[in-house]
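A short worksheet on the structure shown next.
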């Protein structure tokens with residue numbers, strides 16, 4: 001894992017748009033030139049929720065656009081802080097600090113990137129898929145996203161084939177389809193065109209069709225709820241592929257001072273406690289779930 005060396009900025013950002021989707025899900029677009037110029041997939045911002053809420057909230061970047069100085073975040077209301085954040089209107093201003101954390105390593109372009117995201121864990125891996133494709137048109141990311149709530153994105157039917165996945169499971173995210181990124185969705189909520197099961201089952205269907213040599217080129221990037229991450233780690237081990245996980249934790253300071261977001265990791269030299277905010281949020285799967293191979 002590479003340690004972050006870039007500057008963390010504090011800036012006042014202007015709300016460009018704030019779209020509400022089903023079940024209290026939101027996509028917030030801010031004009032934040034400093035973040036927009038530096039944010040990378042897997043990093044996050046620490047956002048002020050208003051004077052009545054002492055603690056800020058960490059939100060992963062969904063996208064950045066350096067050409068128009070904007071960044072996007074997706075979130076679901078969970079507690080009074082994010083409920084207060086949801087009241088922001090176009091033209092309002094909000095303070096944010098970022099980009100923070102060690103995001104996904106982008107130094108190994110020979111690998112076949114596979115993104116697995118669940119719920120509000122979708123943003124960092126969606127960002128990564130689009131980022132890699134925009135940086136290199138020859139890159140062929142594959143994405144599998146799951147949610148029990150309606151996906152807070154424009155959806156469409158995909159014309160991009162994914163080996164091993166049934167043709168009737170062809171719903172995808174419109175922005176991914178436009179970038180020629182293979183993507184499939186899963187849900188137990190009976191959404192049209194979505195695979196009726198766990199997102200890791202979708203990924204498994206594709207992985208089973210690969211040769212051992214092809215699996216050697218695969219790297220999985222995942223973010224989502226803890227059970228999904230554990231299942232993803234086990235999936236990666238069963239197929240012998242590399243896997244990176246972006247963890248989600250409550251944070252008080254986001255700069256490593258309070259140690260309130262520590263997690264136990266398992267390293268060759270022994271167990272250690274690491275702070276998700278500055279040592280992560282991205283970790284090797286085997287260091288978080290060393291027993292998933294059992």
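Here, each number is a calculation from the coordinates, and none is a lab measurement. Since the model is a prediction, treat every value here as computed from it, not as a measurement. With ideal geometry, Cβ positions are generated from the backbone for all residues, glycine too; neighbour counts draw on all protein chains shown.
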Practice problem: Taking only Cα atoms and a 10 Å spring cutoff, compute GNM fluctuations for the chain and point out the largest among 282, 241, 125. | Solution: 241
Exercise. Enter the Cα centre distance for the pair the range 48-119 and the range 131-164, rounded to the nearest angstrom.
Key: 20 Å
Exercise. Rounded to the nearest Å, what's the spacing between the alpha carbon centres of the range 18-41 and the range 189-236? Just the number, please.
Key: 26 Å
Quiz prompt | DSSP bridge orientation in the chain - percent antiparallel, rounded to nearest 5 | solution = 65 percent
Practice problem: Give the share of C-alpha pairs in each 10 angstrom bin for the chain, from 0 to the last occupied bin, in whole percents, shortest bins first. | Solution: 6, 29, 37, 22, 5, 0
Quiz item: Ranked highest first by the average count of other Cβ atoms within 10 Å around their residues, in what order do 81-92, 172-183, 229-240 fall?
Solution: 229-240, 172-183, 81-92
Quiz item: For the range 1-136, treating each Cα as an identical point scatterer without solvent, what Debye log10 I(q)/I(0) comes out at q = 0.09, 0.19 1/Å?
Solution: -0.25, -1.12
Exercise. Sort 200-208, 155-163 for me by packing, meaning the mean count of neighbouring Cβ atoms within 10 Å per residue, highest on top.
Key: 200-208, 155-163
Exercise. Determine Rg/Rh for the range 112-246; Rg is computed over alpha-carbon atoms and Rh is the Kirkwood hydrodynamic estimate from the same atoms.
Key: 0.92
Quiz item: How far apart, in nm, are two points set 7 Å out from the Cα along the Cα-to-Cβ line at residue 137 and at residue 167?
Solution: 2.9 nm
Quiz item: What is the extension gain from residue 90 to residue 174, computed as 0.36 nm multiplied by their sequence separation minus the C-alpha to C-alpha distance, in nm to one decimal?
Solution: 27.8 nm
